[in-house]
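Chemist: Pasting a structure below so you can have a look.
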Amino acid sequence: MITAKSFVLSEWKKGTGTPAVMVDATTEEPLGQCNAEGIDMGAVCAFGRDTGGPALRALSFAERGALLKALSGALHEHRDELIELSQSNAGCTRGDAKFDIDGATGTLAAYASLGKRLGERGFLADGDGIQLGRTARFWGQHVLVPRRGVAVHINAFNFPAWGQMEKVACALLAGVPVIEKPGTPTALVAWRVAEITAESGILPDGAFQFVCGSVGDLLDHLGPQDALAFTGSSVTGAKLKGHPNLIARNVRVNLECDSVNAAVLAPDVDSSSETYDLFLQNVVLDMTQKTGQKCTAVRRILVPRERVEEVTSELVAALGRIPVGDPRERETRMGPLASAAALADVRAGIERQMSQAEVLCGGTDPIRDKGFFVAPTLLLARDAAADVFHADEVFGPAAVVLPYPGSAADAAGLVNRGGGGLVASVYANDAAWSEELVHEIGPWHGRVWVASDRVASQTFPPGMVLPQMIHGGPGRAGGGEELGGLRGLEFYLQRTALQGFKGLVAKRFGAAKSD
Ligand code: NAP
């Protein structure tokens, strides 16, 4: 059994308390353990601030970008090993594991290119300079400079590689050291990623630390220059946001939480169109990829009332063709959930929704003796407005079809009942209909993805988070924002309105060609 240690103060440390055990999601056999009790979290923060921070800030964007590029390469060299670990510990099929691991190396590479483009500076000019005085002599310029603290990243279990590295990429490129904490059920994958990172020797001392296990009193040690970026459930997010020390010291907090994402089929999309095929394909992919454990996966499927029978029969048939089983077997397209707790949560969530819906396929019955398996489950709501479909995130391969009358206003009314989401996907050829819907649902979503016949052959699936576009969403999705190219760095930088003599402000702090 592997003991996944923490990497703090430039060494590997084992905790002193009772360890948490990570298991194989298919066989339930123990694979590893972790525990971070007894680690001096104050010293960990100070080491990041005093050793990692200065070392990173001494580098230009281009140099930090070069570190990210090297790190991406180092992780890629271990791709097959990480895929295998992900298949056992996270229950991922090979495709699901690649999604996580290639997502990590790809995002590092994307931010490496950004760093190269930003060149020799270590800060960003934000927008154009502004004449403030009677003449151009007194000048203003917004600048973004690296904050002097540490960035604590508390990550969810479902993307142990990507979830960790997308945050690392933004923070390190901004010049801020990180302390990573993985979700425990899949911590073995995150730990191996951390081990490769630390052992590669690519990053300066103190730039990257990794706490494997409970964070203890870590948040009590954060101060005004530090930041906490959290990814996980709304319940945990709310708890952390209310942490007394984070409030008292105005620690910057970014929350990426859960989301009851909707897919909307417009009435004009008939069954002969490419957009309709894409809709069916993406809904099935979203429900089954990573066994539905994606924060961006579709949970609510809005279908015009008169099309419900046709759509549901196609979805049920397609879901029935998904081989569920051991993710190490080549033909398997959907593996188990990641943990026993996840299985219990998903079963409870499906049961709550079943009380107000017809079960079209799947359900909560066990489908194998061992492992955290649940069947792909499609429900048909009796009343599309019932709270249970809009308030509950079932974090597994389950979704509900919500019939609606067909207008964009009707669709928006239901979609926005999710209370704020990460992504809404829209399948429509009628541009006026799409425009109306986008205006209505835009304020409630971090991302609105619109497919039509004009782009059907070129889209990425809506569940895919791209480094160049922001990820996050209002309301229950946490109210946070990450990635989005350069925007992803802003959380780690301080925006300062610099005012003074133009010769100083514009010359030394004005926009560089690359900004
Ligand atoms: P979770 O139970 O909320 O845990 C998230 C992280 O918080 C884990 O690392 C967990 O550690 C840690 N944690 C829990 N309680 C804590 C506390 N009191 N103090 C400090 N850390 C604490 O969520 P999860 O089950 O890992 O992830 C699934 C959820 O994440 C889903 O709801 C999904 O929608 C959401 N998610 C959102 C995004 C997004 O980008 N918006 C992405 C992925 C997932 P332990 O594991 O050790 O408890």
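The values are calculated or read from the model by the stated rules, or taken from the named source; none is laboratory data. In this text, all values refer to a predicted model and were calculated from it rather than measured experimentally. Glycine also receives a Cβ, built like all others from the backbone with ideal geometry; neighbour counts cover every protein chain displayed. SASA here: full protein model, heavy atoms, side chains in, ligands and nucleic acids out. Shrake-Rupley method; radii C 1.70, N 1.55, O 1.52, S 1.80 Å.
Chemist: Under a point-charge model restricted to the Cβ atoms of Lys and Arg (+1) and Asp and Glu (-1), what is the dipole moment magnitude of segment 261-466 relative to its Cα centre, in debye to the nearest 20? Please report the intermediate quantities before stating the final value.
Modeler: Working: 18 positive and 27 negative charges, 168 e Å.
Dipole about the Cα centre, nearest 20: 800 debye.
Chemist: Another question, if that's okay. For Glu81 and Ser272, compute 0.36 nm times the residue count separating them, minus their Cα-Cα distance, and round to one decimal in nm. Walk me through the numbers on the way to the answer.
Modeler: On the way: separation 191, 0.36 × 191 = 68.76 nm, distance 4.31 nm.
Answer, rounded to one decimal: 64.4 nm.
Chemist: Find how much the distance from Ser214 to Phe460 grows on full extension, using 0.36 nm per residue of separation minus their present alpha carbon separation; answer in nm with one decimal. Walk me through the intermediate numbers first.
Modeler: Values: separation 246, 0.36 × 246 = 88.56 nm, distance 3.59 nm.
Working it through step by step, the gained length comes to 85.0 nm.
Chemist: Just read off the accessible area of His78 with the full protein assembly in place, 1.4 Å probe, to the nearest 10 Å².
Modeler: We get 60 Å² for His78.
Chemist: With every protein chain left in place and a probe of 1.4 Å, what is the accessible surface of Asp96, to the nearest 10 Å²?
Modeler: About 10 Å², rounded to the nearest 10.
Chemist: What FRET efficiency comes out for the pair Asp128/Ala66, r = Cβ-Cβ distance, R0 = 22 Å, nearest 0.05? Walk me through the numbers before you get to the answer.
Modeler: Working: r = 29 Å, r/R0 = 1.33.
For Asp128 and Ala66, the calculated efficiency is 0.15.
Chemist: Further, regarding this structure: Let me see the P(r) profile for segment 261-466: every Cα-Cα distance counted, bins of 10 Å, each bin given as a percent of all pairs.
Modeler: Taking all Cα pairs of segment 261-466, the binned fractions are 9, 38, 37, 14, 2, 0 percent.
Chemist: Also: Which of Thr26, Asn429, Leu67 sits closest to the plus end of the dipole of the chain, meaning its Cα is farthest towards the positive end, when Lys and Arg get +1 and Asp and Glu get -1 on the C-beta?
Modeler: Result: Leu67.
Chemist: Also: For Ser60, Ser355, give the ranking by accessible area with the largest first, probe 1.4 Å. Provide the component values of the computation, followed by the final result.
Modeler: On the way: Ser60 5, Ser355 80 Å².
Descending order: Ser355, Ser60.
Chemist: Classify segment 102-218 from the C-alpha gyration tensor, please: rounded if a/c falls under 1.5, else prolate or oblate depending on whether a/b exceeds b/c. Please list the in-between numbers first.
Modeler: Working: a/c = 2.85, a/b = 2.26, b/c = 1.26.
Since a/c reaches 1.5 and a/b is larger than b/c, the shape of segment 102-218 is classed as prolate.
Chemist: Hey, another quick one. Output the 0 to 90 degree angle, nearest 10, between the alpha-carbon long axis of helix 431-441 and the longest principal axis computed from the alpha carbons of the chain.
Modeler: With both axes taken from Cα atoms, the answer is about 60 degrees.
Chemist: Where does each of Lys13, Lys290, Lys69 land when they are ordered by accessible area, with a 1.4 Å probe and the largest first? All intermediate terms of the calculation are to be shown ahead of the outcome.
Modeler: Details: Lys13 65, Lys290 10, Lys69 145 Å².
From most accessible down to least: Lys69, Lys13, Lys290.
Chemist: 222 nm [θ] for the chain, helices only, -39500 (n - 2.57) per DSSP H run of 4+, per residue, to 500? Walk me through the intermediate numbers first.
Modeler: On the way: 16 runs with 180 residues, N = 515.
The helix contribution divided over the chain gives -10500 deg cm²/dmol.
Chemist: Between 0 and 90 degrees, rounded to the nearest ten: what's the tilt of helix 308-320 against the longest Cα principal axis of the chain?
Modeler: For helix 308-320, the angle is close to 70 degrees.
Chemist: Using packing as a proxy for protection, rank 100-109, 20-29 so that the peptide with the highest average count of other Cβ atoms within 10 Å comes first. Could the numbers behind the result be given before it?
Modeler: On the way: 100-109: 23.2, 20-29: 19.4.
Going by the mean number of other Cβ atoms within 10 Å, highest first, we get 100-109, 20-29.
Chemist: Along the charge dipole of segment 261-466, Cβ charges K/R +1 and D/E -1, which of Ala451, Ser271, Val394 sits furthest on the positive end?
Modeler: Of the listed residues, the answer is Val394.
Chemist: Give me the net charge for the shell around Gly442: Cβ to Cβ below 13 angstrom, other residues only, Lys and Arg +1, Asp and Glu -1.
Modeler: On the way: positive: Arg447; negative: Glu435, Glu436, Glu440.
Neighbourhood net charge equals -2.
Chemist: Sticking with this structure for a sec: Give, in nm to one decimal, the length gained when the segment between Val316 and Arg330 is fully stretched (0.36 nm per residue of separation minus the Cα-Cα distance).
Modeler: On the way: separation 14, 0.36 × 14 = 5.04 nm, distance 2.29 nm.
Gain on extension, Val316 to Arg330, equals 2.7 nm.
Chemist: With no other cysteine's Cβ closer than 4.7 Å, which Cys residues of the chain count as lacking a disulfide-compatible partner?
Modeler: Cys45, Cys92, Cys170, Cys257, Cys295, Cys361
Chemist: Name all residues of segment 440-476 having a backbone nitrogen under 18 Å from the label point set 7 Å from the Cα of Arg117 along its Cα→Cβ direction, giving them as ranges.
Modeler: Those under the cut-off are 466-471.
Chemist: P(r) for the chain: what percent of alpha-carbon pairs falls in each 20 Å bin, starting at zero?
Modeler: P(r) over the chain, rounded to whole percents: 23, 53, 23, 2.
Chemist: To the nearest 10 square angstrom, how much accessible area does Trp433 have with a 1.4 angstrom probe?
Modeler: 30 Å²
Chemist: Now for a different question. Starting from the Cα gyration tensor of segment 436-515, take the square roots of the eigenvalues, sort them a ≥ b ≥ c, and report rounded, prolate or oblate (rounded when a/c is under 1.5, otherwise prolate if a/b is larger than b/c, else oblate). Don't skip to the answer; put the middle values down first.
Modeler: Details: a/c = 2.78, a/b = 2.07, b/c = 1.34.
Taking the square roots of the gyration eigenvalues as a ≥ b ≥ c, segment 436-515 is prolate.
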